[in-house]
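A.B. asks: Shown below is the structure under consideration.
Here, each number is a calculation from the coordinates, and none is a lab measurement. Given the structure is predicted, the values throughout are model-derived calculations rather than measurements. With ideal geometry, Cβ positions are generated from the backbone for all residues, glycine too; neighbour counts draw on all protein chains shown.
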């Protein structure tokens, strides 16, 4: 059952599960848009004993607060904590938004077996493969916490999964090596192609960290664009 209504911002609290961090720049941009055009889509809340909890719409709520508004249009769903968690995951995945894989993996561990009997059932429910779910759970369980700030900021998900195969003491060393290789390639690619010596072009071929794959391999890469030929 879903109810559409206006809800006082004072009665709304954030979810304890943060799949994405609140981005102040996004909040400011949303606030400007809402101020000019209004809210295009209501947020989604679930009712709790002491008010409402955000299922989708953390940035929209923050934008309304920034504008000094008192109420916000919302869809209120009657969900338990596990149902709300799963809906939050599906919404972010289907919108192709960056999700913290550590928090995502922790969420999957909470949903199995609390809501789903096994990983295959959960994977089918969110539209992902069992391997996808297992990979996120592995990251949540094994990644050194010091590396979390580098996810999506120097280290790809593929990098992280490879790092998680190592012992904690070796993870930092491997992560530094991956980031150092990426920095070398970036410095080379910032130069005009005519100024890149043949020796450095070969180095790019050997250590590819292009946005498409972020992995080391031997495929050729275009020195100008940083993508595979």
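A.B. asks: In region 94-110, what count of residues is obtained for those that are closer than 13 Å to residue 136 by Cα and part of a helix (DSSP H, G or I)?
C.D. replies: Residues that pass the stated criteria total 10.
Here's the yes/no breakdown for (1) loosely packed, with under 13 Cβ neighbours inside 10 Å; (2) touching a helix residue (DSSP H, G or I) at 6+ places or on another chain (Cβ under 8 Å):
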| residue | (1), (2) |
| --- | --- |
| 25 | yes, no |
| 31 | no, yes |
| 64 | no, yes |
| 70 | yes, yes |
| 75 | no, no |
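A.B. asks: OK, next. Report the residue count in region 41-67 for those that are part of a helix (DSSP H, G or I), over 16 Å from residue 18 (Cβ atoms) and out of contact with any strand residue (DSSP E or B) (no Cβ under 7 Å at 6 or more places or on another chain).
C.D. replies: Summing the residues that are part of a helix (DSSP H, G or I), over 16 Å from residue 18 (Cβ atoms) and out of contact with any strand residue (DSSP E or B) (no Cβ under 7 Å at 6 or more places or on another chain) in region 41-67 gives 3.
A.B. asks: Still on this structure, I have one more. So which residues in region 111-134 are part of a helix (DSSP H, G or I) and out of contact with any helix residue (DSSP H, G or I) (no Cβ under 6 Å at 6 or more places or on another chain)?
C.D. replies: Matches in region 111-134: 121, 124, 125, 131, 132, 134.
A.B. asks: Here is a further query. Taking the residues in region 103-128 that are buried (at least 19 other Cβ atoms within 10 Å of the Cβ) and more than 19 Å from residue 55 (Cα to Cα) as candidates, determine which candidate is farthest from the chain's Cα centre (by Cα).
C.D. replies: Ranking the candidates gives 116 first.
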